[in-house]
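Shown next, in structure tokens, is the structure this report addresses.
The values are calculated or read from the model by the stated rules, or taken from the named source; none is laboratory data. Keep in mind the model is a prediction, meaning the values are calculated, not measured. Note: ideal-geometry Cβ built from the backbone for every residue, glycine included; neighbour counts use all protein chains shown.
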């Protein structure tokens with residue numbers, strides 16, 4: 001009986017330590033990312049819309065690519081919400097644009113193809129380029145149906161998988177601006193089809209009331 005209690009106490013301590021490490025790691029990673037953005041990008045305040053507490057169980061995912069590594073960067077923080085949280089969060093920000101993700105007029109900025117200027121399977125019409133760019137949300141684990149899609153890379157068809165975006169995913173742009181704001185010189189070209197948006201940034205949130213989820217995002221290219 002005593003042995004069983006000791007085992008239970010050990011498991012409780014292990015779980016508490018694990019959760020604490022996870023909390024600290026997320027905060028440390030986010031702080032490091034903010035430092036990298038300030039170091040390599042000249043626009044202040046791009047991370048100001050991120051949640052302050054990223055260690056809670058309501059944070060479902062935190063994905064980021066470092067700006068210092070690729071001169072391209074994106075970050076997504078996926079958080080679960082209660083129904084009462086949505087209005088409070090939406091009232092917290094001022095938005096320049098909002099639309100359903102499935103809207104065919106959206107200008108979706110896909111960072112993984114910016115390296116290849118010959119990759120014209122991602123065509124953007126002039127009408128789409130008049131809208132502010134939003135991310136493709138491919139790295140986000142919405143917990144929905146997994147779908148497959150094909151991309152042509154270096155002349156070859158490559159199959160990828162991702163979580164399907166919720167049908168009601170609403171994308172809100174807080175701020176977006178074209179321009180080369182990188183401190184270091186850009187070595188990798190951008191597709192000429194992007195016109196004035198060959199370089200720039202966009203940041204905002206996306207919400208799904210159906211799935212009770214919010215995604216905080218920032219993309220720089």
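For the range 62-95, the set of residues classified as assigned to a loop (DSSP other than H, G, I, E, B) and either touching a helix residue (DSSP H, G or I) at 6+ places or on another chain (Cβ under 7 Å) or in contact (Cβ under 8 Å) with a residue 60 or more places away in the chain (or both) consists of 66, 71, 72, 81, 82, 83, 93, 94, 95, listed by residue number.
For the range 125-144, the tally of residues that are surrounded by fewer than 16 Cβ atoms within 10 Å (Cβ to Cβ) and within 19 Å of the chain's Cα centre (by Cα) stands at 2. Taking interchain pairs and intrachain pairs at least six residues apart, which have beta carbon atoms under 8 angstrom, with the first residue in the range 25-46 and on the phi < 0 side of the Ramachandran plot and the second exposed (fewer than 14 other Cβ atoms within 10 Å of the Cβ) and part of a loop (DSSP other than H, G, I, E, B)? From the range 25-46, the pairs are 38/44; 39/183; 40/183; 40/184; 41/183; 42/183.
Within the range 137-146, identify whether any single residue is modelled with pLDDT of 90 or more and on the phi > 0 side of the Ramachandran plot, and answer yes or no. Scanning the range 137-146, I find at least one residue that is modelled with pLDDT of 90 or more and on the phi > 0 side of the Ramachandran plot, so the answer is yes. Tell me, yes or no, whether the range 13-21 has at least one residue that is modelled with pLDDT under 95 and either under 23 Å from residue 201 (Cβ atoms) or surrounded by 15 or more Cβ atoms within 10 Å (Cβ to Cβ) (or both). Checked the range 13-21: no residue is modelled with pLDDT under 95 and either under 23 Å from residue 201 (Cβ atoms) or surrounded by 15 or more Cβ atoms within 10 Å (Cβ to Cβ) (or both). Considering the range 96-108, and only residues there that are at pLDDT 95 or above and in a loop (DSSP other than H, G, I, E, B), the residue that is surrounded by the fewest Cβ atoms within 10 Å (Cβ to Cβ) turns out to be 96.
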